[in-house]
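Following: one structure in structure tokens, then a few remarks.
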Amino acid sequence: MTSQIGQVDARYLSPETPKPYDTNQPLIVRSNKITSYLKSYPFTKLPYPQPNQKTTEGSFMFKFSGNRLFQSVYPLNAMVSTNCTELNDQKMVKLPASDVNTFIELIEENYRVHFYVDGLPTGEEFTTDDGNNTYILLGSPVGFSKVIDGQKRYFLYNHLNFNIEYKSLDKNNNTLPPYYVTKVTIEPRSINQERCADKINPLELVKDEENKMLWTYGQSIRYSNTPWEDRWNVYYPHSAAIEWSSTAIAFFITALECALLGLIMYRIFKNDSIGFVRLGESGWKSIYADVFRSPNNFMTFSVIIGVGMQIAVASFVLMVFDVAGLLSIANPGSFELATVLIFAFCGLFSGYASMRTYIMLGGSRKRHNAILNAYLVPFVIMILLFISRIQLWSNDYLYQPSASEVIFVLSMWLFLSCPLSLLSSYFVNSWPPAEYPFRPNHIPRMIPKAKWYANHYFHSLVFGFLPFAVIYAQINFIVGPMFYGFHVNNSYDLCIAFILLVINVLVLNMLISYYQLSREDYNWWWRSIIGPSCTSIYIFIFLLIYGMPLATSGTRFYYFMFCLMVSVMSAFFFSSIGFLGNLWFIKRIYSTLHFD
């Protein structure tokens, strides 16, 4: 038995261990929350039957994801099947008019109720469009509405039927105890009844009128062949057709750009004679003595590179963890906690990249660079995060950060990220600067004027859509669960799209820089970090168009700030990798030049 339990699926690793149940043993049932798109309230603040003690449960990681667990009033027992049971043996209860109006409002705004049974989030089971797989839509609706005789009427789901599947570890007989819960779904029903045995009409709610009702529940059992370690698979329907089509398009875009860059590199390196610089020769060769001239404001320049590198490395590590199955729904809160910890540890790369860039550009105020890189931009990001959460605090949403969570995030920044950034800056501040193939002249060369359509920033804005097209479908899969409560098994596809996105940003930036240098414009430094960031503009616009209609009153400011933060962070990310790729490319092509 132990060996079977230890076989854990590498895709959805979970710290939980299987809990065996005997027949009629109480199941671990917890109420969680009620959600509608971005709105989320604790279950205990709603007019549902509540336990006597409303204490919160769950680990710090679980609470860090904006979740709370509460004692549930549904007394479910393992391997027991009941058709209809009155909740806590209660009789008909009177629902005040205020509670009736609350339920009508919840039904109107499509709220869903969430529970946990044996650590599994409950939901409704549906079949995918191709009919080959089933998936669970998290939560169950509060009720439903129907237009009858031209009037909209509301009906409350006062009966919940828990469908629970069990798996026995006995290889010969799946019906022998102990049992392990492998799947839990809910079928909500609306029943207007005086006794549990009666099933008459749906329970209708009328605004501003009190109502008498009865809360009931039922449970059905099924035997399952699904191993305990695979019980999370049903939460991740795999939309292969959509993902493979988007991946194919991404591959085509990337291959086209790489082919064009390869052609340019072939023409540069195919013959040594092409590398001679002759008098009067025009194009990128003629500006060899100006192309490595340091840009203006290289203090700000290096800080941008440092912060972007921290985000880039953290994103890569998070991607590895996601592919390994460590950040799935099997570990609620793991993604949020891992993001904070990994980002803090990656401050080590931030200080290194910023200081190396600053020294390379000829900077001498190294202490100022180290302090600004460690504190300025992260501080601004923390302020924006705090501002975005104001609406959550004011509306008392469930996923508002608690005091302990705020202290934790601040501590990770002040006592981990900043010291690591300063430490890495200190170790590299005495290193010699990177060498260039050519030293710049003292007098800068005149740059030919270009028409508006030849402007390199304009090119970056137009062609910045291509990297967005690569990651478009994956953004859709990432943002969708925020509103609809479904999950998609796309970690492999997301990893592929992430790699293709990085290649696109690098190659596209190199192509635009080559065109810029060919026009004898050597001011490529700032364009190499502003140009790639144009892709984040398309991300920002898409997020607004996708989610703003769904972000109803009370969450629109929060969602706007979320879109802004994602776009700003992605802009830093694109800028850093775009510049480093450009620096390598330009050094490489100019290293081929030698004088006749």
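Out of the residues in region 131-171 that are assigned to a loop (DSSP other than H, G, I, E, B) and of a type in the set (A, V, I, L, M), state the one that is modelled with the lowest pLDDT.
Looking at the filtered set, the residue picked out is 169.
Within region 535-551, track down each residue that is under 14 Å from residue 460 (Cα atoms) and surrounded by fewer than 22 Cβ atoms within 10 Å (Cβ to Cβ).
Once the filter is applied, which keeps residues that are under 14 Å from residue 460 (Cα atoms) and surrounded by fewer than 22 Cβ atoms within 10 Å (Cβ to Cβ), region 535-551 yields 537, 538.
When you look at residue 353, is it closer than 13 Å to residue 310 by Cβ, assigned to a helix (DSSP H, G or I) and in contact with a Cys (Cβ under 6 Å, 6 or more places away or on another chain), yes or no? Walk me through it before giving the result.
Details: closer than 13 Å to residue 310 by Cβ: yes; assigned to a helix (DSSP H, G or I): yes; in contact with a Cys (Cβ under 6 Å, 6 or more places away or on another chain): no.
It is false that residue 353 is closer than 13 Å to residue 310 by Cβ, assigned to a helix (DSSP H, G or I) and in contact with a Cys (Cβ under 6 Å, 6 or more places away or on another chain).
Please go through region 472-522 and pick out each residue that is buried (at least 22 other Cβ atoms within 10 Å of the Cβ), β-branched (Val, Ile, Thr) and farther than 16 Å from residue 573 by Cα.
512
Residues 349, 335: which one is surrounded by 14 or more Cβ atoms within 10 Å (Cβ to Cβ), under 30 Å from residue 57 (Cα atoms) and not assigned by TED's automatic domain parsing to the domain that holds residue 114?
Of 349, 335, the one residue that is surrounded by 14 or more Cβ atoms within 10 Å (Cβ to Cβ), under 30 Å from residue 57 (Cα atoms) and not assigned by TED's automatic domain parsing to the domain that holds residue 114 is 335.
Could you pull out the residue among 475, 512, 541, 545 that is part of a helix (DSSP H, G or I) and modelled with pLDDT under 90?
Residue meeting the stated conditions: 475.
What are the pairs, 6+ residues apart or on separate chains, where a residue within region 109-135 that is over 11 Å from residue 185 (Cβ atoms) has its Cβ under 6 Å from a residue that is at pLDDT below 85 and outside any strand (DSSP E or B)?
Within 6 Å, the pairs are 119/16; 128/237; 133/237.
I'd like the residue in region 370-390 that is hydrophobic (A, V, I, L, M, F, W, C) and buried (at least 17 other Cβ atoms within 10 Å of the Cβ) and, out of all such residues, is farthest from the chain's Cα centre (by Cα).
In this case the residue turns out to be 370.
Mind counting the residues in region 435-464 that are in contact with an Asp or Glu (Cβ under 6 Å, 6 or more places away or on another chain) and farther than 21 Å from residue 589 by Cβ?
Number of matching residues: 0.
Checking residue 136 against (1) hydrophobic (A, V, I, L, M, F, W, C); (2) in contact with an Asp or Glu (Cβ under 8 Å, 6 or more places away or on another chain); (3) surrounded by fewer than 21 Cβ atoms within 10 Å (Cβ to Cβ), which test does it fail?
Of (1) hydrophobic (A, V, I, L, M, F, W, C); (2) in contact with an Asp or Glu (Cβ under 8 Å, 6 or more places away or on another chain); (3) surrounded by fewer than 21 Cβ atoms within 10 Å (Cβ to Cβ), only one is false for residue 136: (3).
Could you check how many residues of region 79-114 are basic (Lys, Arg) and either at positive phi or not assigned by TED's automatic domain parsing to the domain that holds residue 51 (or both)?
Of the residues in that region, 0 qualify.
Restricting to region 444-478, give me the number of residues that are aliphatic (A, V, I, L, M) and closer than 19 Å to residue 283 by Cα.
Of the residues in region 444-478, the ones aliphatic (A, V, I, L, M) are 446-447, 450, 454, 461-462, 466, 469-471, 473, 475, 478.
Pick out the ones that are also closer than 19 Å to residue 283 by Cα and you get 446-447, 450, 454.
The total comes to 4.
Using the structure shown, decide if residue 224 is in contact with a Ser or Thr (Cβ under 8 Å, 6 or more places away or on another chain) and at pLDDT 90 or above. Give the steps one after another, and end with the answer.
Details: in contact with a Ser or Thr (Cβ under 8 Å, 6 or more places away or on another chain): yes; at pLDDT 90 or above: no.
No.
The values are calculated or read from the model by the stated rules, or taken from the named source; none is laboratory data. Just so we're clear, the structure is a prediction, and the values are computed from it rather than from any experiment. Every residue, glycine as well, gets a Cβ built from its backbone with ideal geometry; the counts of neighbours run over all protein chains shown.
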